[in-house]
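I have placed the structure first, in the form of structure tokens, so that the comments after it can refer back to it.
The values are calculated or read from the model by the stated rules, or taken from the named source; none is laboratory data. Treat the numbers as computed from the prediction; the structure is a model and nothing was measured. Because the Cβ atoms are built from the backbone with ideal geometry, glycine has one as well, and the counts that use them run over all protein chains shown.
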Amino acid sequence: MAEAALRTLPFDKNRALQWLHTYGVYAGVGALLVVNSVITPHFLSAENFRTQAVQVAPVIIVALGMALVIGTEGVDLSVGAVMALAASVTALYLGYGLLPALLAVALFAAGVGLANGALVAVIGVQPIVATLALMVGGRGLALVLLPQLKDLRNPALASLGSGDVLGVPYLILIAAGLALLVAFVVRRTTFGRQLLAVGDSRPAAQLAGLPVRRVLIVVYVVSALLAAVAGVLATARLQASDPTSLGNLMELSAITAVVVGGTPLTGGRVNIAGTVAGAVLIQLLTATLIKHDLPPSWTQIAQAVVIVAAVYAARGRGKR
Amino acid sequence: MTTTGTDAPVTTASNEPEEATEPVGSARSERLSALTQQHGALAVLMLVSLVASFSFDTFATGDNLGNMATSSAFLAIVALGMTFVIITGGIDLSVGSLFALGGVLAAWGSRHGTLVALLLPLAVCGLIGAVNGLLVARSRLAPFIVTLAAMLGARGLMLALTDEGADTYLIGKGSVLAELGQGKTLGLGNPVWITLALFVAGAVALRRTRFGQHVYAVGGNEDAAALMGAPVARTKILVYTLSALLAGLAGALNAAWLASGVTILGSGMELEAISAVVIGGTLLTGGLGYVSGSLVGVLLLKVIQNVINQIGSLDSSYQQVVSGAFLAVVVIAQTWLGRRRQLM
């Protein structure tokens with residue numbers, strides 16, 4: 001459409017944008033690493049890297065599920081509420097032991113995901129509204145179950161939150177393992193193919209005989225389960241259940257990570273490596289500004305600029 | 001064929017693959033579903049209010065109703081702008097941040113006179129809205145993500161202005177601005193009158209002007225609207241600017257009412273506004289919507305909130321559960337009704 005006009009430019013804007021779209025997020029992470037190792041004191045230490053990675057791990061886990069949902073041309077606003085719900089349910093059932101508590105969390109999360117999926121796939125409600133309802137209701141339910149912050153004293157939970165293998169915290173291992181698993185599912189399994197087909201064109205997927213409804217429902221359940229994992233891990237790290245503030249604005253962080261990572265909002269494509277890099281980019285950006293005593297307001301403005309730049313670079317690359 | 005219809009409601013009527021499968025001619029049932037779509041929220045509002053006024057002595061008192069009206073006014077102004085955006089098939093997530101920003105700017109500006117206090121928030125918020133509109137209309141970025149960025153950016157700006165939320169600017173007692181927010185005319189708070197005037201103006205603009213026709217046309221089918229010669233890009237830029245202006249104005253009025261620019265306000269307001277608009281019968285797919293419905297939607301949300309507060313023994317978190325469940329029920333009903341109308 002606008003190609004004719006672009007071709008007359010001496011500088012090939014199209015290719016520059018394409019490069020930016022594909023590799024921009026990695027270039028951004030690289031640039032931040034280089035800049036920080038020069039200007040930020042004590043940046044290049046194992047301790048600092050561990051801190052940053054532990055902080056970003058829950059965001060990555062939530063963003064993985066969000067990437068799958070966005071791949072189907074949907075969005076899941078309820079992930080923050082599911083994290084809060086996971087915190088509440090963990091606190092309620094921890095008395096029976098860690099495993100029963102985790103089982104209960106999984107049941108609650110699957111219920112929320114099932115409700116999202118049913119609203120979207122069976123009733124045909126727009127994803128943004130369906131998950132908005134569960135976002136409001138889910139946070140409310142979390143607060144009904146546990147009205148205020150509660151300290152949790154459980155050795156198993158504590159070791160989940162702060163334990164490590166050879167110096168690498170469980171949180172990082174779990175996030176990395178889940179990222180590999182999700183990337184494998186997207187690239188190498190029938191379900192991954194079906195997911196992308198549904199996101200590419202739902203009517204076409206339907207006509208091709210794909211189980212569209214089942215794929216959508218499973219995607220929303222997976223998103224909720226991943227959010228629940230993040231919620232449990234965050235709770236384990238805090239050693240306290242905080243349904244009021246846990247997961248607040250997490251949906252925005254996750255969407256940002258996915259979009260900055262090069263997954264188009266129009267569905268049909270999922271970039272897991274980019275999503276992880278997107279989460280890391282935002283984390284490093286925030287850390288850089290904080291370490292140089294720039295106020296949080298700058299972080300938000302910077303984040304806004306990064307989002308717009310990322311979608312601008314991705315412009316017109318999805319289907320119309 | 002029918003399954004395609006039930007599975008692809010997100011697409012607009014124009015690119016749904018199938019033709020009408022239901023028997024044409026059930027004009028009565030079509031009228032009925034249209035009526036439910038448009039006035040269902042009003043019926044529920046009246047029912048809930050009626051039950052509430054019989055159940056609680058304190059509900060239907062002048063004081064309680066007056067307070068509810070004033071506290072609804074600010075959300076209603078935001079929802080008015082959101083209605084226009086949603087009818088064009090877009091969405092504006094930045095209104096909550098703009099609401100907070102507008103309040104802070106009004107309070108900050110009030111030391112330089114009332115005119116500055118009113119014009120500054122409108123100018124800044126209007127500018128942000130125009131940028132939203134430009135990015136959506138000219139650069140064809142998704143409204144969802146553009147306004148998400150604006151939401152972060154506007155809140156960042158607001159925090160930068162207030163020393164990270166530590167400074168709260170006050171509005172002097174007895175100033176014209178304070179009178180505008182706190183005064184009463186004929187027993188109702190001034191913000192309520194302003195809201196009513198804005199809704200009348202909004203309804204006229206939507207129903208009786210060329211701009212209003214363009215708003216519906218863009219939301220109904222953008223390509224068709226462009227082919228008919230409607231100024232699609234200009235219409236979109238205007239609705240996002242309008243939405244931001246109204247959010248800024250609502251924030252300024254709210255600050256005048258509270259006599260200070262409170263920095264923690266407005267978070268989650270975009271979701272409340274969207275809920276109100278959707279409950280009021282405006283379709284998120286665009287092309288169909290009512291300004292009056294959004295007002296009813298806001299009132300319904302506030303009445304439910306009030307009733308839950310009246311019950312007292314119920315924790316306020318139940319309110320969120322009820323609101324969420326209510327929103328789900330409404331969109332399910334709307335999706336059914338909307339599909340029926342599209343098929344016929």
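Miscellaneous remarks
- Restricting region A:78-96 to residues that are over 11 Å from the mean Cα position of the chain (by Cα) and either in a loop (DSSP other than H, G, I, E, B) or of a type in the set (Gly, Ala, Ser) (or both), the residue that is farthest from B:Glu270 (Cα to Cα) is A:Gly95.
- Neighbours by Cβ (under 9 Å, 6+ apart or cross-chain): first from region B:59-84, in contact (Cβ under 8 Å) with a residue 24 or more places away in the chain; second outside any helix (DSSP H, G or I) and among the basic types (Lys, Arg): B:Gly66/B:Lys184
- The residues listed here are B:Val136, B:Val146; of these, the one that is within 14 Å of chain A (Cβ to nearest Cβ), crowded, with 19+ Cβ neighbours inside 10 Å and touching a Gly at 6+ places or on another chain (Cβ under 7 Å) is B:Val136.
Here's the yes/no breakdown for (1) in a helix (DSSP H, G or I); (2) hydroxyl-bearing (Ser, Thr, Tyr):
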position: B:Tyr216; (1), (2): yes, yes
position: B:Arg234; (1), (2): yes, no
position: B:Ala252; (1), (2): yes, no
position: B:Leu265; (1), (2): no, no
position: B:Ala276; (1), (2): yes, no
position: B:Thr282; (1), (2): no, yes
position: B:Gln320; (1), (2): yes, no
position: B:Ser323; (1), (2): yes, yes
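- Checking each residue of region A:99-116 against the condition of being more than 10 Å from every other protein chain (Cβ to nearest Cβ), free of Cβ contacts under 8 Å to residues at least 24 places away in the same chain and either of a type in the set (Phe, Trp, Tyr) or assigned to a loop (DSSP other than H, G, I, E, B) (or both) gives no match.
- For region B:285-300, filtered to residues that are at pLDDT below 90 and surrounded by fewer than 24 Cβ atoms within 10 Å (Cβ to Cβ), the residue that is nearest to the other protein chains (Cβ to nearest Cβ) is B:Thr285.
- Any hit, region B:175-182, residues being assigned to a loop (DSSP other than H, G, I, E, B), in contact with a strand residue (DSSP E or B) (Cβ under 8 Å, 6 or more places away or on another chain) and at pLDDT below 85: no
- The residue that is nearest to the other protein chains (Cβ to nearest Cβ), counting only those in region B:149-166 that are charged (D, E, K, R) and free of Cβ contacts under 8 Å to residues at least 12 places away in the same chain, is B:Glu164.
- Test for A:Leu166: is it without any contact (Cβ under 8 Å) to a residue 24 or more places away in the chain and either touching a Gly at 6+ places or on another chain (Cβ under 6 Å) or over 20 Å from A:Gly113 (Cβ atoms) (or both): yes
- Residue within region A:256-276 that is away from every other protein chain (no Cβ under 14 Å), more than 21 Å from A:Glu73 (Cβ to Cβ), in contact (Cβ under 8 Å) with a residue 24 or more places away in the chain and under 10 Å from the mean Cα position of the chain (by Cα) present: yes
- From the list B:Leu159, B:Leu127, the one residue that fits, being assigned to a helix (DSSP H, G or I), closer than 22 Å to B:Val262 by Cα and over 22 Å from the mean Cα position of the chain (by Cα), is B:Leu159.
- Of the residues B:Phe99, B:Phe59, B:Phe84, the single one that is surrounded by fewer than 24 Cβ atoms within 10 Å (Cβ to Cβ) and of a type in the set (Phe, Trp, Tyr) is B:Phe59.
- Restricting region A:20-63 to residues that are of a type in the set (S, T, N, Q) and either in contact with a Phe, Trp or Tyr (Cβ under 6 Å, 6 or more places away or on another chain) or in a helix (DSSP H, G or I) (or both) leaves a set whose member that is surrounded by the fewest Cβ atoms within 10 Å (Cβ to Cβ) is A:Ser37.
- Summed over region B:243-268, the residues that are closer than 24 Å to B:Gly90 by Cα, of a type outside the set (S, T, N, Q) and crowded, with 24+ Cβ neighbours inside 10 Å give a count of 8.
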